[in-house]
Amino acid sequence: MNQKVVNDFSITVGTVNGSGSSTANNTILRAIFKMGIPVSGKNLFPSNIQGQPTWYTIRVSKDGYLGRDESQQIVVAINPASFARDLAGVAPGGAFFYADDIKQPVTRTDIAVYPMPVKQIIREQTEVPSNLRDLVSNMVYVGVLAQMIGIDLEKIHAALDFHFKHREKPTMMNFNAVKAGAEWAKANLTKTDPFALEPMSKTDGMIMADGNTAAALGAIYGGVQFVGWYPITPATSLAESLNDYLPKLRKREDGKHTYAVVQAEDELAALGMSIGAGWGGLRAMTSTSGPGLSLMTEFAGLAYYAEIPVVIWDVQRIGPSTGLPTRTSQGDLTFTAHIGHGDSHSVILLPGDVFECFEFGWKALDLAERLQTPVFVLSDLDMGMNQWMSKPFEYPDTPMDRGKVLSEKDLEELKGNWGRYLDKDGDGITYRTLPGNQHPLSAYFTRGTGHDEYAKYTEEANVFYRVMERLKLKHETAKDYVPAPIVHETRGAEVGILAYGSTESAVEEARDQLAADGLKSSVMRVRALPFSKTVEKFIQKYEQVIVVEMNRDGQMHQLLCMDFPTLAPKLKSVAFQDGMPASAKWIREGVLKFAKPAKKKVAPTKKITVKKSKTPAKKGAKK
């Protein structure tokens with residue numbers, strides 16, 4: 001057996017979509033997390049309902065790296081259809097566990113091979129009803145793995161208890177199958193691989209959550225009152241989480257709810273309803289993905305020009321068209337930045353982790369009302385649907401920002417000196433009134449057509465120009481309100497790396513790898529559009545700034561070049577898109593195409609001339 005590898009490897013389970021393996025895989029993930037070991041899980045599943053191959057990868061990293069690792073040290077093969085692929089994917093020196101009823105040859109000699117009699121073991125579990133055997137059989141490989149790599153069985157029990165909501169019967173039925181698998185492995189398998197788990201304390205005080213749930217909770221704590229939505233992968237679970245938690249967290253003492261969630265007939269209607277609610281003074285939002293966002297374009301333009309607050313979560317997947325509905329992407333950025341027709345600029349938030357999904361869940365609602373505009377939050381499938389370690393979410397520490405809303409008393413003091421689209425403060429943001437205001441001067445006509453400062457219809461060129469220039473000024477003002485970039489400076493850095501969204505974990509790992517290569521780098525993570533002065537200063541500081549993103553054409557790179565044209569020669573694009581989450585490997589390789597580690601200076605050797613001695617050397621002496 002090779003040198004022991006502790007808490008630093010990945011586990012990939014190849015199963016069939018719809019087979020119930022999700023419970024087993026999440027049990028492994030949670031158990032390792034409960035052992036105090038940093039861990040992340042990524043589900044690669046097909047877009048059909050069931051029957052196709054699916055893979056779940058668990059990365060264990062003592063150093064806390066949560067991004068995707070392209071290598072597969074441990075592979076568990078349960079699906080005959082993907083058996084050959086799973087076997088070929090095991091890294092040399094790795095371990096291959098497989099269900100022994102799969103009668104396919106295993107010819108590799110550079111890995112440890114462990115057949116498992118899954119069906120035999122589950123048949124011996126008499127408490128498992130025949131109609132549940134296929135589902136519960138997944139727990140057998142959980143038990144075998146537990147025995148072979150050292151997963152604490154008590155932690156597995158705790159994970160199952162959590163999953164089944166403390167119901168003893170399903171918890172024990174599954175746990176007994178785990179124990180049976182572990183006991184069989186102990187009696188029948190000899191360990192020949194180097195991989196092992198040992199308890200740590202690096203998850204103390206941490207939680208595990210997916211980004212869609214975090215976003216839903218953030219919106220709830222931010223006071224969301226209306227949600228219009230239409231199902232679409234991978235955003236559906238965001239709305240479903242709202243439906244799960246709103247009844248528990250937003251119910252009055254008299255039992256009545258303080259919110260409305262409406263499933264619309266399509267995405268356009270979902271946004272239309274949400275804009276109507278935002279116009280009416282409710283904190284309103286919707287969630288969707290790329291194809292749905294395309295359908296929302298017309299209403300997004302209306303909300304921009306009529307200046308109505310609304311929040312739109314876009315959990316990105318791959319296009320064009322239907323594309324790959326269950327693969328991750330950062331491909332909607334340029335589309336969202338100028339969504340609609342004509343001249344428009346979007347306010348976009350770019351969460352980089354699950355904690356920020358929660359934080360931006362409530363901040364987006366504040367920003368939408370403060371700026372009176374649609375606010376887009378661009379997450380992605382990897383962040384939205386997969387489990388991530390996170391520090392606990394923090395309750396909003398500031399009061400809700402409702403923006404410039406005039407009360408009846410305010411209108412009385414203004415004595416009519418008010419217009420719905422009149423900029424009185426010079427920041428591009430006007431004042432508004434809400435339905436229910438009884439003052440006779442509170443009413444105005446909301447228009448998506450040409451209008452003047454007092455909401456009156458007009459097609460006068462100079463008036464339209466003034467309104468559009470004010471909207472442009474408002475976008476500049478937004479720079480003072482959106483989340484600032486996060487910068488990690490390195491003393492003596494030779495290159496800057498600029499990234500955003502869920503690439504953060506892979507970028508940080510790549511940064512450490514580049515440092516080991518001899519290339520020092522500073523990293524900026526952009527968290528919002530419009531870009532702030534901090535972004536410009538970061539680009540100015542380095543001869544080369546590598547822009548990392550998960551799309552084909554380098555969309556963030558394009559937007560940066562448009563905003564900072566004189567700095568464009570400094571910007572280099574490392575853009576890659578195959579549907580898989582970002583990995584440190586391709587980021588490192590991409591950076592090294594543009595920035596080479598500084599070569600260590602070697603002092604030049606002096607040429608030494610040895611003069612021949614006139615005296616003959618003594619016999620036996622060294623020359």
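Of note:
- Output for the range 362-412, where each listed residue is among the basic types (Lys, Arg), within 14 Å of Gly223 (Cβ to Cβ) and part of a helix (DSSP H, G or I): Lys363, Arg370
- Inter-residue pairs, beta-carbon under 6 Å, first assigned by TED's automatic domain parsing to the domain that holds Tyr98 and in the range 166-183, second surrounded by fewer than 18 Cβ atoms within 10 Å (Cβ to Cβ) and in a helix (DSSP H, G or I), 6+ apart: Thr171/Asp161
- Filter result for Thr12 (over 16 Å from Ile207 (Cα atoms), touching a residue at least 60 places away in the same chain (Cβ under 8 Å) and among the β-branched types (Val, Ile, Thr)): yes
- Helices (runs of 4 or more DSSP H) within the range 494-604 that include 3 or more residues under 16 Å from the mean Cα position of the chain (by Cα) and of a type outside the set (A, V, I, L, M, F, W, C): 504-517
- Residue in the range 163-172 that is at negative phi and in contact with a Pro (Cβ under 6 Å, 6 or more places away or on another chain) present: yes
- Condition met for Val144 (out of contact with any strand residue (DSSP E or B) (no Cβ under 6 Å at 6 or more places or on another chain), in contact (Cβ under 8 Å) with a residue 40 or more places away in the chain and either more than 30 Å from Glu504 (Cα to Cα) or in a loop (DSSP other than H, G, I, E, B) (or both)): no
- Cβ-Cβ distances below 8 Å connect the following pairs, each with a first residue in the range 512-539 that is under 14 Å from Ile497 (Cα atoms), a second residue that is of a type in the set (D, E, K, R) and part of a loop (DSSP other than H, G, I, E, B), and a separation of six or more residues or different chains: Leu514/Lys520; Leu519/Glu494; Leu519/Lys596; Lys520/Arg491; Lys520/Glu494; Ser521/Glu494; Ser522/Glu489.
- For the range 568-585, the tally of residues that are touching a residue at least 40 places away in the same chain (Cβ under 8 Å), polar (S, T, N, Q) and within 23 Å of Asp512 (Cβ to Cβ) stands at 1.
- Restricting Thr171, Thr192, Thr213 to residues that are modelled with pLDDT of 95 or more, farther than 24 Å from Arg123 by Cα and in a helix (DSSP H, G or I) narrows the list to Thr213.
- Any hit, the range 492-502, residues being of a type in the set (Val, Ile, Thr) and out of contact with any Lys or Arg (no Cβ under 9 Å at 6 or more places or on another chain): no
- Within the range 509-526, the residues that satisfy the criterion of being surrounded by fewer than 21 Cβ atoms within 10 Å (Cβ to Cβ) and either under 20 Å from Glu359 (Cβ atoms) or of a type in the set (Gly, Ala, Ser) (or both) are Ala515, Ala516, Gly518.
- Unmet criterion (only one of (1) touching a residue at least 60 places away in the same chain (Cβ under 8 Å); (2) crowded, with 16+ Cβ neighbours inside 10 Å; (3) under 30 Å from Leu367 (Cα atoms)) for Ile207: (2)
- Within the range 69-84, the presence of at least one residue that is without any contact (Cβ under 8 Å) to a residue 40 or more places away in the chain and more than 21 Å from Trp586 (Cβ to Cβ) is confirmed.
- Residues located in the range 251-274, provided they are part of a loop (DSSP other than H, G, I, E, B) and surrounded by fewer than 16 Cβ atoms within 10 Å (Cβ to Cβ): Arg252, Glu253, Asp254, Gly255, Lys256, Thr258, Glu265, Asp266
- Hits in the range 441-487 (condition: closer than 30 Å to Met524 by Cα, of a type in the set (A, V, I, L, M, F, W, C) and in a loop (DSSP other than H, G, I, E, B)): Val482, Ala484
- Residues (over 11 Å from Gly14 (Cβ atoms) and either of a type in the set (Phe, Trp, Tyr) or not in a loop (DSSP other than H, G, I, E, B) (or both)) located in the range 91-107: Ala91, Pro92, Gly93, Gly94, Ala95
- For Asp380: the one exception among (1) within 30 Å of Asn48 (Cβ to Cβ); (2) out of contact with any strand residue (DSSP E or B) (no Cβ under 9 Å at 6 or more places or on another chain); (3) of a type in the set (D, E, K, R): (2)
The values are calculated or read from the model by the stated rules, or taken from the named source; none is laboratory data. Only a predicted model underlies this, so the values are computations on that prediction, with no experimental measurement involved. Don't worry about glycine lacking a Cβ; one is built from the backbone with ideal geometry, like all the others, and counts go over all protein chains shown.
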